[in-house]
1. Looking only at residues in the range 145-195 that are of a type in the set (Phe, Trp, Tyr), outside any loop (DSSP other than H, G, I, E, B) and in contact with a helix residue (DSSP H, G or I) (Cβ under 6 Å, 6 or more places away or on another chain), which one is surrounded by the most Cβ atoms within 10 Å (Cβ to Cβ)?
2. Would you point out which residue out of 82, 60 is farther than 14 Å from residue 115 by Cβ, out of contact with any His (no Cβ under 6 Å at 6 or more places or on another chain) and not small (Gly, Ala, Ser)?
3. How many residues are within 17 Å of the chain's Cα centre (by Cα) and over 22 Å from residue 165 (Cα atoms) if we restrict to the range 219-236?
4. Please work out if residue 13 is in contact (Cβ under 8 Å) with a residue 40 or more places away in the chain and either part of a helix (DSSP H, G or I) or surrounded by 15 or more Cβ atoms within 10 Å (Cβ to Cβ) (or both).
5. Name, by its number, the condition in (1) modelled with pLDDT under 90; (2) of a type outside the set (S, T, N, Q); (3) touching a Phe, Trp or Tyr at 6+ places or on another chain (Cβ under 9 Å) that does not hold for residue 163.
6. Just checking, how many residues over the range 92-124 are in contact (Cβ under 8 Å) with a residue 40 or more places away in the chain and surrounded by 15 or more Cβ atoms within 10 Å (Cβ to Cβ)?
7. So which residues in the range 38-73 are surrounded by fewer than 12 Cβ atoms within 10 Å (Cβ to Cβ) and of a type in the set (Gly, Ala, Ser)?
8. Which residues, counting only those in the range 1-58, are of a type in the set (A, V, I, L, M) and either in contact with a Pro (Cβ under 6 Å, 6 or more places away or on another chain) or within 23 Å of residue 122 (Cβ to Cβ) (or both)?
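The values are calculated or read from the model by the stated rules, or taken from the named source; none is laboratory data. Quick caveat: nothing in here was measured; it's all calculated off a predicted structure. Cβ sites come from the backbone with ideal geometry, for glycine too, and all protein chains shown count toward neighbours.
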Amino acid sequence: MNNAFTNHSTHLIVGPHDETRAYIIKSLQQLWCAHNGCSTCGVCASVVAQQHHALFWLTPNPQYTLEQIDLLIEKTAFTLEPYNYFFCIIEKADFLTLASANRLLKTLEEPPRGYHFILQAPRIESILPTIASRCLITPIYSTKSVLVSHPIAVVFINLQFAHPDIFLKLIDDHELTDRETTELIDQLLHYWLVQTIHDQGENCAKTKSHIMSQLLKEALNNPPMPGSSKLFWKNLFLKTQQHLSHARS
């Protein structure tokens, strides 16, 4: 019994939530299913339902609590037979509080034999460095088109910029919280990273995909301060206009 997840005790799967979750499920199905992940048998169904006997799946509500981490640690207290595996999935690991991450850290540093920990998050920067440094990091970026349908996101996909006042009205009409803003920037970055794959071979520095990827990475590194999402989007709008105009000149 051997696949990508069994070769390392702790993994961090980074990328859009739906895609990373699907990747985790498919990898586990391929590990346990006699037909290499047929998606139709009882074993595959038990993985999707998070009910497989060798699987413990955690989700935040709304953040992770110390009680959840203690329950995970209890699950790993049992000694496994050689070549048996048990997987602990920590979905949306960016919702680990500092206290819960610190509680988890020792288990990740010295994982019991046969236990594997799979953390899922939208980006590496959202995970504490002490946690991320223990993980084998796998980014998930598909090469197919990524649908980002939010009206604000559409502006940064079509790159057809109206007057700034019109954009300001748009962000007033579709007000986002600071966290929703960060999540939308994540989706936009994923979209433009996919486009850079298609643009390979062109003058990289001048492609729209390269410019947008760099701007969005910078935006993620400088997320909005509490209550400043509108100003964040306004500045990103103006900066994007400026960089694209400069690239065309």
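1. This residue is 192.
2. None of the others qualify; the one that does is 60.
3. Of the residues in the range 219-236, 3 are within 17 Å of the chain's Cα centre (by Cα) and over 22 Å from residue 165 (Cα atoms).
4. Numbers: in contact (Cβ under 8 Å) with a residue 40 or more places away in the chain: yes; either part of a helix (DSSP H, G or I) or surrounded by 15 or more Cβ atoms within 10 Å (Cβ to Cβ) (or both): yes.
So residue 13 fits the description; yes.
5. Failing condition for residue 163: (3).
6. 13
7. Listed by number, the residues that qualify are 42, 49.
8. First, pick out the residues of the range 1-58 that are of a type in the set (A, V, I, L, M): 1, 4, 12-14, 22, 24-25, 28, 31, 34, 43, 45, 47-49, 54-55, 58.
Scanning the range 1-58 gives 4, 12, 13, 14, 22, 24, 25, 28, 47, 48, 55, 58.
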